[in-house]
Amino acid sequence: MSRCIDMQAGQKVLSYDLLDPLEKHELDQHLEKCAACRDFLQQTRGKEGAFDDIAARVWRLSQRQRIEPHVWVTQHLRVLAPLALVLALVLGVGSVWLARRSGGVETVKVLRFAVLRGATLDSLATPRVDVAPEAIVLRTDRDAYAFVYETRADTLRRLLPQGSLAATLVGPAESRELHLPPIQSRESRLLLVLVPGAADATVQAWDDAVFQQLRAGRNPHDDTPTAWPGGVRPTLRWYP
């Protein structure tokens, strides 16, 4: 294909509509002699040329109507509604499962925990600290029932509450000093069990639950809902 050696002629073809009459006349005379420029003019400004195609695209875009946001929402609501319903059901089931897992009661947090032991002075004024614990100082972030057990080998003995008394209630107001009866062996360990005040704190039920946990060799910190009365997870502290 031949090419035109006049570089300005191509620029004038592209800006044909912007030329003054004299420039158009000069370009027309050039086009009569130059086949390359006539072909370039046809490709750009002729029917179905580049400029014609661009103009057609612009016109088609101008005919498109703007869709209002509420129209889009209405059209897609039929698709989104079932998905939203499924999501709501999943969240609801998850919330119920978590509530049942924790028994719907928050676990008690210990703010202060200390074990007191008695002491005496001998003839040389040397303090002799008793090995056995004498009391527990306790403070929690909420009202809670406190159970204290003595464990040794395969035996379990409840120290607090003593006898048929109701469980001792502790709370955030002040530190409580819980006096302990004498333990049976220096090899014993103490297990403190704190049950949320909003839960059922039947002494026999918690005695049975703690005994079953230890006898089965399960981890006392197991938070499986069926492991504890009402599915309530207690707070456990061992000493020593």
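Values in this text are rule-based calculations from the coordinates and carry no lab data. Keep in mind that this is a model prediction, so the values were computed, not measured. Backbone-built Cβ (ideal geometry, glycine too); neighbour counts: all protein chains shown.
Odds and ends about this structure:
- Counting neighbouring beta carbons within 10 Å and listing from fewest to most, the residues Ser175, Ser185 come out as Ser185, Ser175.
- Backbone geometry of the stretch 145-158 corresponds, through the Karplus equation with coefficients 6.51, -1.76 and 1.60 at θ = phi - 60°, to 3J(HN,Hα) couplings of 8, 9, 10, 10, 10, 9, 10, 7, 6, 9, 10, 9, 9, 7 Hz, x marking Gly and Pro.
- Taking other Cβ atoms within 10 Å as a rough exposure proxy, Lys109, Lys33 sort from fewest to most as Lys33, Lys109.
- Shown for Arg189, Arg158: other C-beta atoms within 10 Å of each C-beta, ranked fewest to most, produce the order Arg189, Arg158.
- Among residues other than Leu138 with Cβ under 13 Å from its Cβ, the summed charge is +2 (Lys and Arg +1, Asp and Glu -1).
- Close amide H contacts of Arg142 (hydrogens built in the peptide plane, cut-off under 5 Å, sequence separation of 5 or more or a different chain): Lys109.
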